[in-house]
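The structure under discussion appears below in the form of structure tokens.
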Amino acid sequence: MATGERVPGAKISDAAVAGGGGRRWDDLNRDLLVAIFGRLGVADLIAGVPFVCSSWRDAARDPLCWRELDFREWESLSRRLGAHGDDRADFTGILRSVIARGRHLLKSIYFPFFADDIDLLYGER
């Protein structure tokens, strides 16, 4: 069999697909992943990143990823997250969840137009 020829039924590695010598996405350094994920929006952190692989899910749990929360585009965000249609209830649940993820490292929150005093007070915690 010639070099580089594929054996039927053999699994092709990600590195081979990438042209050899490449690294797998899930092998990236956790600190690097956290730095990248910290620049993503709430929807990507909830509905995208955790479903790529276990190392990405672990990195997305880091409080540094949840320092800036932007809910101003609530309509598109709620669709992406599969919200149930009750904006108030959906937002309150998501807000509490992401504030808990950010712990005491939360730097800023941008609220949707319908946010009220209760949301603002909860965001101060």
Those residues of the stretch 32-53 which are part of a helix (DSSP H, G or I) and touching a helix residue (DSSP H, G or I) at 6+ places or on another chain (Cβ under 7 Å), in sequence order: 33, 34, 37, 42, 43, 45, 46, 47, 49, 50
Top-ranked residue of the stretch 10-31 - restricted to ones that are in a helix (DSSP H, G or I) and over 9 Å from residue 59 (Cβ atoms), ranked as modelled with the highest pLDDT: 27
Residues being buried (at least 16 other Cβ atoms within 10 Å of the Cβ), part of a helix (DSSP H, G or I) and either under 15 Å from the mean Cα position of the chain (by Cα) or free of Cβ contacts under 8 Å to residues at least 24 places away in the same chain (or both) - total across the stretch 82-104: 7
Residue in the stretch 105-123 that is surrounded by the fewest Cβ atoms within 10 Å (Cβ to Cβ), counting only those that are assigned to a helix (DSSP H, G or I) and more than 19 Å from the chain's Cα centre (by Cα): 117
Scan of the stretch 40-71 for residues that are in contact with a Pro (Cβ under 6 Å, 6 or more places away or on another chain) and either open to solvent by 10 Å² or more (accessible area, probe 1.4 Å) or among the acidic types (Asp, Glu) (or both), ordered by number: 57
The listed residue being outside any strand (DSSP E or B), among the basic types (Lys, Arg), more than 23 Å from residue 35 (Cα to Cα) and over 12 Å from the mean Cα position of the chain (by Cα), out of 79, 72: 79
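The values are calculated or read from the model by the stated rules, or taken from the named source; none is laboratory data. All values reported here derive from a predicted model rather than from experimental measurement. In this analysis, Cβ positions are derived from the backbone assuming ideal geometry, glycine residues included, and neighbour counts consider all displayed protein chains. Please note that ligands, DNA and RNA were not included when accessible areas were found on the heavy atoms of the full protein model with its side chains. Shrake-Rupley method; radii C 1.70, N 1.55, O 1.52, S 1.80 Å.
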